[in-house]
Amino acid sequence: MKKLFILGMVLISANTYAQKKKKQQDIEAIKSMCGCYEVTFNFAETFASDKDYEFHNNYRTGGLEWVTAAEESNDKIVLQHLLIVGDTMIIKHWRQDWLYENTELYAYYKDKTWKPVTLPKEQVKGQWTQKVYQVDDEPRYEGSATWIHADGRHYWENTTDAPLPRREHTKRSDYNVMKRRNRHELTTEGWVHEQDNDKVIREGGKDVVLAQEKGLNTYKKVDDSQCLVAKQWWDKNAQYWADVRAVWDELFNTRKELSFKSKVDDKLLFQHLFALGDELSGDEYNSEKARQLIRKAIQPYLISDIELASK
């Protein structure tokens, strides 16, 4: 009996060690996406069931991008992307949060509406949720999956619903949901974000696939000195955007359905939040004041019955 007990304890210890080692591998993979990169974005429509469908032109662009860890703890890593335009112009780009064994997500439905979803703990054991946000930290899409480290490869992949991508949301209205199949994989030169997406018409409780597309975004590592201007910009503006994230978290923590207007007074939300950041930046920055103004900027866009501005 004593031998069985000892054997059981040894097996438990070995399993705990293996889990910790695997988690550390995951963390290293996620953090390896930080740095300065030459980025190329490529998208091409590949298939449509309707023979009369007119395929849209391929999309290709690129630039220099700085990816930095805006927050980091044992179970959460926040990666902020900053796009460098020309020599000195910085655009706060998308953001990806990675949460370990997270059970609370927001699932995109359609028409700028996200619904709270709670996953069973056993389903997310050993997994990481990737939460992707817009340039103004408004939600985009979220999904949970396991990082794979095998045969010399390191990747994470997941399928989830999302709003139309930035490159199409102001140009198209023939579909209203993108079903995204995302793979993030490390390479010898950096990493790639590969996508196999369905462009979906969601109406009356049914989904119809209008077209499919292939996406391949490549991140080629270059010397960090090439992104110095982005690093300096982030050092100056990081606190403001930490406050923006904190206000958004107040919304997410309500666990209520979230719906937003596209425009208020003919302006997009990011225009207000970017302008507010420029206005508040400086040596006299005050987080409490900033959060009040951020709440007031977001509130008019919120259709859901949540009184954010009163906080």
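Let me know the charge dipole size of the range 91-210 about its Cα centre in debye, to the nearest 20, where only the beta-carbon of Lys, Arg (+1) and Asp, Glu (-1) is charged.
My answer is approximately 340 debye.
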Debye, to nearest 20: dipole size of the range 198-311, +1 on Lys, Arg Cβ, -1 on Asp, Glu Cβ: 340
Translational D (Stokes-Einstein, µm²/s) of the range 2-225 at 25 °C and 0.890 mPa s when Rh comes from the Kirkwood sum over C-alpha pairs? 127
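Among residues other than Lys236 whose Cβ falls under 15 Å from its Cβ, what is the net charge (Lys/Arg +1, Asp/Glu -1)?
Taking every other residue near Lys236 into account, the sum is -4.
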If we count every other residue with Cβ under 10 angstrom of Tyr155's Cβ, Lys/Arg +1 and Asp/Glu -1, where does the sum land? -1
Residue-normalised 222 nm signal for the chain, counting each DSSP H run of n ≥ 4 as -39,500 (n - 2.57), nearest 500 deg cm²/dmol, is -8500 deg cm²/dmol
Taking alpha-carbon centroids only, the range 222-268 lies from the range 140-154 a number of Å equal to 25
Hey, what did the range 111-247 get for relative contact order, percent, Cα under 8 Å, at least 6 apart? 14
Computed from every Cα-Cα pair in the range 188-311, P(r) in 10 Å bins starting at 0 and rounded to whole percents is 10, 26, 27, 28, 9, 0
Dipole of the chain [Lys/Arg +1, Asp/Glu -1 at C-beta], most positive-end residue of Thr113, Ile91, Leu273: Thr113
About its Cα centre, how strong a charge dipole does the chain have in debye, to the nearest 20, once Lys and Arg get +1 and Asp and Glu get -1 at the Cβ? 960
Extreme residue, positive dipole direction of the chain, given options Thr61, Gln25, Met178 (C-beta unit charges): Gln25
Determine the relative contact order of the chain: mean sequence separation of Cα pairs under 8 Å and six or more apart, normalised by residue count, in whole percent. 16
Cβ-isolated cysteines (cut-off 4.7 Å), the chain: Cys34
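No value in this document is a laboratory result; all are computed from the given coordinates. The structure presented is a predicted model; accordingly, all values stated were derived computationally and were not measured. No Cβ is skipped: glycine too gets one built from the backbone with ideal geometry, and neighbour counts run over all protein chains shown.
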